[in-house]
Amino acid sequence: MKEFKLAVLGGGSSYAPELMDGIAKRYLGGEFHAREIVLVDVPEGRERMETVAAFTRRMFAKHGVPCEIRTTLDRREAFDGASFVISQIRVGGMLARQRDEHIPLKHGVIGQETTGAGGFANALRTIPVSLQFAREIEETCPDAWLLNFSNPAGLVTEALVRYARVKTFGLCNVPIGIKMGIAKALGVDPSRVSTDVSGLNHLSFVTGIWLDGRDITGEIFDSPLFDEYLRREKYGQEMGRFLRKLRVIPASYLYYYWCTERALKEQLAQLAEKGSRADEVMRIEKELFEIYANPESDVLPEVLKKRGGAYYSDVALSCISAIVNNKPAVEALNVVNRGAVPGISETSVVEVSCMVDGRGPHPLAQKPLPPEVLGLVQQVKAYENLTVEAAVTGDVEMAFFALLNHPLMPGADTVRLVLRDILEANRDHLPQFAGKPV
Ligand code: G6P
């Protein structure tokens, strides 16, 4: 069995135990052995990281998994000798996410962790830090793969491929979540299902569905299973009819673009009643860490299912397994397009089905997205490209135009107000914009 060292940036994340559980399963299944796992975090995350480490040691001991779990605040120590680095950082912590969600809502626009103005603020904070970490990886373990989960994952990966040399790709649990949902609806093992995924992170589309190598796309869209999917995803009848006609299953985030008024109303009602999603997640995390900290606990808690990242470890560990064993696997990843997604620049990062082997991910050529959605994807890509430049340069005008290009933003007046509030509220995390007026 292949052995390696793994470093996890943001090791104190409440999601980390899911990853650790997956690692244990892959070891027990004879796929690979992460003999040394180093969790690394910032000083504010130390306590949580130690809690995650202790909980993981108990989980591993229970199953007889012989991995050494270490913790450190020193990234270079963590990277030294690592073959893989998983990045799942949250710059500014959950309070910054809370602001990302609250500020746009104050101005009457969608407030969301990854999409719209909230995702934009998140990108401005996370991109420079991710690039700094990438440089440290290049110096310390230049052969390592950096698997980026840090949100907004597509934008951060775009910045990494543009401004770093590290071997990297971005991941998200949304495409695998859709695949799992299809397998469940069909009542078959997920290994028998394969999907064609094309688009951008949190704006990707399943355009093809395969069962045991047979194309069942048409059957799925014409069956009641699709109605069930639509009910679950909250699309109204009319939107559902569009999706059936276009024969695409979108990432759920399309809801913000196509049902903006409804989504905004729901967000505002939720904010008034119990706060935004960040407020809710903080409550869930409190519960989770109480369980992780209990010296008796050694199994993944049920309450973890209340978080949105289900299966995130599956996609990461499937890629790691494909790379270390040079055993091809197909996963939807964020990689440089190279022509796989028609209508998007060849050099831009897209979310697309990839074949992963010992040399990493290779994007698979996709059929064109229907014109009814391609325009939206192209515009969001334009916004993403401008945002990456703004995050790297600290150019306020560029940031303004980036946000103005986001389809969820109204005109320049609101954009300027939202931008001003974002830069002001995040000033401790945005040194690149320091002292520059909006
Ligand atoms: C989905 C998205 C992730 C996001 C998560 C939020 O899984 O793909 O990008 O981080 O949901 O879940 P949360 O529980 O933090 O709201």
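Things worth noting here:
- Residue in the range 140-163 that is among the charged types (D, E, K, R), closer than 24 Å to E351 by Cα and away from the ligand (no atom under 16 Å from the Cβ) present: yes
- Complete set of residues in the range 178-194 that are more than 16 Å from the ligand (Cβ to nearest atom) and either among the hydrophobic types (A, V, I, L, M, F, W, C) or free of Cβ contacts under 8 Å to residues at least 12 places away in the same chain (or both): I182, A183, K184, A185, L186, G187, V188, D189, P190, S191, V193
- Against the test of being in a helix (DSSP H, G or I), within 16 Å of the ligand (Cβ to nearest atom) and either within 20 Å of T114 (Cβ to Cβ) or in contact with a Ser or Thr (Cβ under 9 Å, 6 or more places away or on another chain) (or both), the options P175, P128 yield a single qualifying residue, P175.
- Any hit, the range 227-236, residues being under 22 Å from L408 (Cβ atoms), surrounded by 14 or more Cβ atoms within 10 Å (Cβ to Cβ) and either at pLDDT 95 or above or touching a Pro at 6+ places or on another chain (Cβ under 7 Å) (or both): no
- Listing of strands (runs of 3 or more DSSP E) fully contained in the range 302-367 that carry 1 or more residues being of a type outside the set (K, R), within 16 Å of the ligand (Cβ to nearest atom) and within 18 Å of T157 (Cα to Cα): 329-336, 349-357
- From the list S345, S318, S252, the lone residue that is without any contact (Cβ under 8 Å) to a residue 40 or more places away in the chain, hydroxyl-bearing (S, T, Y) and closer than 30 Å to I220 by Cβ is S318.
- Within the range 139-166, residues that are of a type in the set (D, E) have Cβ atoms under 6 Å from residues that are buried (at least 24 other Cβ atoms within 10 Å of the Cβ) and in a strand (DSSP E or B) in these pairs: E158/V349, counting only partners at least 6 apart in sequence or on another chain.
- Subset of the range 276-285 [of a type outside the set (K, R) and either in contact (Cβ under 8 Å) with a residue 12 or more places away in the chain or away from the ligand (no atom under 16 Å from the Cβ) (or both)]: S276, A278, D279, V281, M282, I284, E285
- Filter pass, R307 being basic (K, R), under 22 Å from the mean Cα position of the chain (by Cα) and surrounded by 14 or more Cβ atoms within 10 Å (Cβ to Cβ): yes
- When the range 61-83 is limited to residues that are touching a helix residue (DSSP H, G or I) at 6+ places or on another chain (Cβ under 6 Å) and crowded, with 16+ Cβ neighbours inside 10 Å, the one that is farthest from S13 (Cα to Cα) turns out to be V65.
- Qualifying residue in the range 384-404 (condition: at positive phi and part of a loop (DSSP other than H, G, I, E, B)): yes
Each row is one residue, and each column tells you yes or no for (1) of a type in the set (D, E); (2) within 16 Å of the ligand (Cβ to nearest atom).
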site: M59; (1), (2): no, no
site: E68; (1), (2): yes, no
site: F84; (1), (2): no, no
site: I89; (1), (2): no, yes
site: R97; (1), (2): no, yes
site: K106; (1), (2): no, no
site: G111; (1), (2): no, yes
site: A117; (1), (2): no, no
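- Of everything listed in (1) of a type in the set (V, I, T); (2) surrounded by fewer than 23 Cβ atoms within 10 Å (Cβ to Cβ); (3) assigned to a helix (DSSP H, G or I), the single unmet condition for V188 is (3).
- From the list L264, L288, L268, L243, the one residue that fits, being within 16 Å of the ligand (Cβ to nearest atom) and either in a helix (DSSP H, G or I) or in contact (Cβ under 8 Å) with a residue 24 or more places away in the chain (or both), is L288.
- In the range 297-315, the residues that are modelled with pLDDT of 95 or more reach residues that are aromatic (F, W, Y) and surrounded by 15 or more Cβ atoms within 10 Å (Cβ to Cβ) with C-beta atoms within less than 7 angstrom, at least six apart or across chains, in these pairs: S297/F55.
Residues are listed down the side, and each one gets a yes or a no for (1) touching a residue at least 60 places away in the same chain (Cβ under 8 Å); (2) buried (at least 20 other Cβ atoms within 10 Å of the Cβ); (3) hydrophobic (A, V, I, L, M, F, W, C); (4) over 13 Å from I86 (Cβ atoms):
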residue	(1), (2), (3), (4)
G10	yes, yes, no, no
P17	yes, yes, no, yes
A24	no, no, yes, yes
G29	no, no, no, yes
E36	no, no, no, yes
V42	no, no, yes, yes
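- Some residue of the range 398-421 being charged (D, E, K, R), surrounded by 17 or more Cβ atoms within 10 Å (Cβ to Cβ) and under 20 Å from E101 (Cβ atoms): yes
Quick grid of which residues meet (1) within 28 Å of P295 (Cα to Cα); (2) of a type in the set (A, V, I, L, M, F, W, C); (3) within 17 Å of the chain's Cα centre (by Cα); (4) modelled with pLDDT of 95 or more:
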site	(1), (2), (3), (4)
V42	yes, yes, no, yes
G45	yes, no, no, yes
V52	yes, yes, no, yes
R70	yes, no, no, yes
F79	no, yes, no, yes
R90	yes, no, yes, yes
Q112	no, no, yes, yes
G118	no, no, yes, yes
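- Scanning the range 252-305 for residues that are among the aliphatic types (A, V, I, L, M), over 24 Å from H406 (Cα atoms) and in contact with a Leu (Cβ under 8 Å, 6 or more places away or on another chain) gives L288, V303, L304.
The values are calculated or read from the model by the stated rules, or taken from the named source; none is laboratory data. None of the values given here were measured: they were computed from a predicted structure. With ideal geometry, Cβ positions are generated from the backbone for all residues, glycine too; neighbour counts draw on all protein chains shown.
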